[in-house]
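See below for the structure under consideration.
No lab work stands behind these numbers, since they all come straight from the coordinates. Small disclaimer: the values here were computed from a predicted structure and weren't measured. Glycine gets a Cβ as well: all are built from the backbone with ideal geometry, and neighbour counts include every protein chain shown.
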Amino acid sequence: MGKRLIHLTSASLAGVLLAAVGAIVGASPATSAPVIQPGSSLEFGDSFCTANWVYDGGGGPYIGAAAHCATGVGQRVDLATGSLGSSIEPIGTVAYISSSLDFLLVRLDAGVLSQVSAAMAGHPSIPTGVSTPSSAKQGDLIQFSGHGVVFDFTTVTQQQRVGVFNFFDSGNQYVIGAVTPGDSGGPVADLTDGNKAIGIVDTVGVTVAPEGVNVGEAGVAVYALLQDAAAHGFSISLRTV
């Protein structure tokens, strides 16, 4: 906030001071509320993860994350500055943790709903829908956006990492691509399949499955996430852009 120099003339000192205060207050810029969106950093107590997609219905809205990020249903969740960063504000409560797939749903507080965006951080045209085994193809170009350790240092490395889709297996998607701790829970999008949500980040490593071998990211597929949630009383749908 800049300073304004006021020269005293014949006006009363009280009048000048009141005018100065009014000018300073009027010049104060408004602070924008932080955006809550796929790719935002979340803090679960002592654990930092990345938010995936926004979901409507079933008592929501919700934002997703990985089940291994939380200690249990009812845990409060904060928006964070980044991996190993600090809390910005509380945004919701863990409402559901899957027992068979590594995902959870955070029911968003009414007071933060105006801050929610369905768009993946850095990619306003994602997601347009849900990738499925009938629409996604091996070799599709994949987009990540998250707060993995090391990748968290710059906006470019957070939001512009890409990979190559490999296969689906048992409700999970497998991508040849780089993720690290802190990316857990984050959004995975299939660019080739029309900018659709294909999954969430859960782990990284070498996977040997009936469909093949994958070196890189693995996590729950969105189509399977929606089926699991519906089977447990959370009839949700993906919010698109």
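Report yes if Thr207 is in a strand (DSSP E or B), more than 20 Å from Pro127 (Cα to Cα) and of a type in the set (Ser, Thr, Tyr), otherwise no. Yes: the conditions hold for Thr207. Within the stretch 113-148, the only residue that satisfies the criterion of being of a type in the set (Val, Ile, Thr), buried (at least 23 other Cβ atoms within 10 Å of the Cβ) and under 15 Å from the mean Cα position of the chain (by Cα) is Ile126. Of all residues in the stretch 141-181, those that are farther than 23 Å from Tyr223 by Cα and not in a helix (DSSP H, G or I) total 8. Among the residues that make up the stretch 102-112, is at least one of them part of a loop (DSSP other than H, G, I, E, B), under 14 Å from the mean Cα position of the chain (by Cα) and among the aliphatic types (A, V, I, L, M)? No, the stretch 102-112 has no match at all.
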